[in-house]
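Visitor: My structure is below; once you've seen it, I'll send some questions.
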Amino acid sequence: MKKIIPVFLHGYSGDGKALQEFADLCFSGQKPICIDLPGFGDNPLQNGSAENNPLEYIEEIWKTVKKQVPKADIHLVGHSYGAVLAFALASKYDEVVRVDLFNPGLWPRLIPHMLLYYLSVIKYIPGGLGLATKIMKNQRLVDIATQSMQNKAWPANRQKQIKAMRRKESEVYSPQMLRLSLYALKMPRILKQVRCEVPVRIVHAKDDTITRYISCTWLKERSKDCHIFVTHGGHLGLLAEPKRWSSILYDVVQ
């Protein structure tokens, strides 16, 4: 029997390091891997055509995963848009034997900079890309967006860390984040005909202001064996309360 390795996929912003504490708590005694999505962290995008093609981007992600896990089977865990990408990988590659999704962002609430970017790409708004990037990097707007993803009950030091992290991410990864925003608009059409044959567990935070519950039910309809669990907390709950959220994953796996 092959060894099973947990592999974590982060969302729009940041890199794999952001999920490492959560991953280590989820799989204590093992060595979970938190990859950087192509274009993030220490993982440059190798295939230029993947910048505009989500299918090729998924192929790039799989190459990254297999480079880290060349022989073992894979237990994918994804957060936000990383959860959508994890579902796409699980539907395509036999080496994935299980997938757990946290706040999957299949239909993120439409944010102005995403709309600007989308309209600029399809030529409706010349210069929209530059404007969208400026919005992404505006620290005041970043703080407002971050606040909407947090919960006042979270520890103050955690909220401060997340705020600083989001500021840095918006400055460094704006082009990549905008590209993934465009992928998000295309992904429902891409996944419409797929069916995931491996067990899928989805955790949705009812206080999430970014992703919607409909993403969970839509993915469930395309899964052979899927269960949805609802908890309290915001979109970034697993970063602010990693211990509590890791216990949720433990309960889900059981």
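Visitor: Around I210, which amide H atoms from residues at least 5 apart in sequence, or from another chain, sit under 5 Å from its own amide H, with H modelled in the peptide plane?
Guide: H235
Visitor: Hey, another quick one. Among K17/K186; K2/K31; K3/K31; K134/K168; K3/K66; K71/K192, which pairs are too far apart, with a Cα-Cα distance over 18 Å?
Guide: K17/K186; K71/K192
Visitor: Still on this structure, I have one more. Pull up all non-local amide H partners of V7: gap of 5 or more, or a different chain, and H-to-H distance under 5 Å with H placed in the peptide plane.
Guide: Result for V7 returns I33, H75, L76, V77.
Visitor: What's the exposure ranking of V84, V77, going from fewest to most Cβ atoms within 10 Å?
Guide: With the fewest neighbours first, V84, V77 line up as V77, V84.
Visitor: Just order 235-244, 17-26 by mean Cβ neighbour count inside 10 Å, highest at the front, would you?
Guide: Values: 235-244: 21.4, 17-26: 19.8.
Packing proxy ranking, top to bottom: 235-244, 17-26.
Visitor: Each residue of segment 220-231 in order: what ³J(HN,Hα) in whole Hz does its phi give by Karplus 6.51 cos²θ - 1.76 cosθ + 1.60, θ = phi - 60°, with x for Gly and Pro?
Guide: 4, 4, 10, 10, 6, 9, 9, 10, 10, 10, 10, 9
Visitor: Amide H neighbours of D36 under 5 Å, at least 5 residues apart or on other chains, H built in the peptide plane: list them.
Guide: So D36 has HN proximity to G16.
Visitor: Listing S215, S174, S28 from the residue with the fewest other Cβ atoms within 10 Å to the one with the most, what is the order?
Guide: Values: S215 23, S174 20, S28 9.
In order of increasing Cβ crowding within 10 Å: S28, S174, S215.
Visitor: Another one. Above 15 Å lies some portion of the pair distances; for segment 168-254, what is it as a whole percent of all C-alpha pairs?
Guide: 68
Every number in this text was worked out from the coordinates using simple rules, so none of it is lab data. Treat the numbers as computed from the prediction; the structure is a model and nothing was measured. When we count neighbours, we look across all protein chains shown, and the Cβ atoms used for this are built from the backbone with ideal geometry, even at glycine.
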